[in-house]
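Here is the structure we will look at, set down as structure tokens.
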Amino acid sequence: MTCTILVGGQWGDEGKGKCITYFCTHDKPDIIVRAGVGPNAGHSVEYNGEKYGLRLTPSGFFNEDARLLIGAGVLVNPDVLKHEMEYLEKYDIKERLSVDSNCAIITDKHMQTDKDSSYLSKKIGTTGSGCGPANADRINRTIDYAKDVDALKDYITDVPKEINEAINEGKDVFIEGSQGFGLSLYYGTYPFVTSKDTCASTAAADVGVGPTKVDDVVVVLKAYITRVGEGPFPTEMTPEEAEKLGLEEYGVVTGRKRRIGLFDKEFAKRSCMINGATQVALTCIDKLYPECYQANKYEDLSQEARDYIEDIEESIGVPITIISTGPDLEDTIDLRDEKLN
Ligand code: GTP
Ligand code: IMP
Ligand code: MG
């Protein structure tokens, strides 16, 4: 009987896709609902050796009994959604996925504006997915909503009604955020941010759940930091230093090389504060400590890795309940029983 929100605590790409998959296959929530900006996101999910890149479909789709929803705050590109429904056909996505009637719709015009504007594409370094121009049209009240679009007519629902009824019936609801704290329009490194707030309160608003209904907020932090696009990054290292540490990464949506930096404790602490974190999931510990790859017990981590994790936990003041030691679902240490009870 819980309503959980999961959000990114840095600049996106913290490994939310992997953590969401873990929570949704392990805890089996009845409803998994996508919040966040829109198809600018690229969540990676790995399961049984297969790898999926997702932009709109909730990352928890492996849980085949769950209802999959997209909240009204999320921008929908019907072509991206259709492609993902086909790509994930064997998981019966079409039968389980619905979008809120009030999701705003991204068109080719929004994507073109995003790419043609040198301010957006070059100065800010946007993903080119049309999210910024679409949110601008939404605020100007000229954009179409999902209920106006023929391509989505079979997939429309009232997301707040479904979720709140489920919560009242004692069911479990899992809300997936996208992007990360540093990309928040309100609290991030403006103007080098995305086109809306990316914190937990907005994720709740995105799907129509009031703050009093939320039990848990999981903030996902990577053991080091990555950032794509432009903007300040105080702990950034040079590409040569990153390469030496074996920390090269490329974006799921854009294929761009990610900038790499050291973990920033002050930044993480502020992110946990503004998100109201009750738990932290720490990912990619194996990238810093390769001897920890695929460990699934805390005792199997090296002393160095444990010291690193305990130092972070003490600085942020929030329990680190999930430690991810590889991209696959199985590569997870789950400390919730001992830390939360
Ligand atoms: P956005 O919604 O775009 O912010 O993405 P995300 O938070 O879902 O992260 P994304 O999948 O873009 O990037 C994380 C990358 O790290 C992916 O390639 C994952 O497969 C991988 N990954 C996640 N957790 C771990 C981990 O613990 N160890 C290793 N080695 N890789 C991981
Ligand atoms: P936009 O959201 O496409 O407008 O891009 C604005 C900024 O947010 C750029 O720096 C993007 O690289 C960044 N961004 C947007 N979505 C993601 C994401 O899912 N992961 C990482 N960075 C993102
Ligand atoms: Mg990503």
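Quick notes
- From F233, F267, residue being open to solvent by 10 Å² or more (accessible area, probe 1.4 Å), in contact with a Pro (Cβ under 9 Å, 6 or more places away or on another chain) and of a type in the set (A, V, I, L, M, F, W, C): F267
- Residue that is farthest from T127 (Cα to Cα) [pool: residues in the stretch 229-248 that are aliphatic (A, V, I, L, M) and in a loop (DSSP other than H, G, I, E, B)]: L245
- Selection from the stretch 313-338 of residues that are touching a strand residue (DSSP E or B) at 6+ places or on another chain (Cβ under 7 Å) and within 23 Å of F267 (Cα to Cα): E313, I316, V318, P319, I320, T321, I322, I323, S324, T325
- Verdict on E330 being within 28 Å of V214 (Cα to Cα), in a loop (DSSP other than H, G, I, E, B) and of a type in the set (D, E): yes
- The set of residues in the stretch 68-95 being surrounded by 21 or more Cβ atoms within 10 Å (Cβ to Cβ) and either under 25 Å from H26 (Cα atoms) or in contact with a Gly (Cβ under 6 Å, 6 or more places away or on another chain) (or both) consists of L68, L69, I70, G71, V74, L75.
- When residues of the stretch 44-66 are limited to those that are open to solvent by 10 Å² or more (accessible area, probe 1.4 Å) and within 11 Å of ligand 3 (Cβ to nearest atom), the one farthest from Q179 (Cα to Cα): G53
- Of the residues examined, C131 is not one that is under 23 Å from I274 (Cα atoms) and crowded, with 20+ Cβ neighbours inside 10 Å.
- Unique residue being buried (at least 23 other Cβ atoms within 10 Å of the Cβ) and more than 16 Å from ligand 2 (Cβ to nearest atom) when the list is V214, V219, V209: V209
- Some residue of the stretch 292-303 being at pLDDT 95 or above, closer than 20 Å to A277 by Cβ and in a loop (DSSP other than H, G, I, E, B): no
The values are calculated or read from the model by the stated rules, or taken from the named source; none is laboratory data. What you see is a predicted model, and the numbers here were worked out from it, not measured in a lab. Don't worry about glycine lacking a Cβ; one is built from the backbone with ideal geometry, like all the others, and counts go over all protein chains shown. Only protein heavy atoms, including side chains, enter the accessible area calculation; ligands, DNA and RNA are left aside. Shrake-Rupley method; radii C 1.70, N 1.55, O 1.52, S 1.80 Å.
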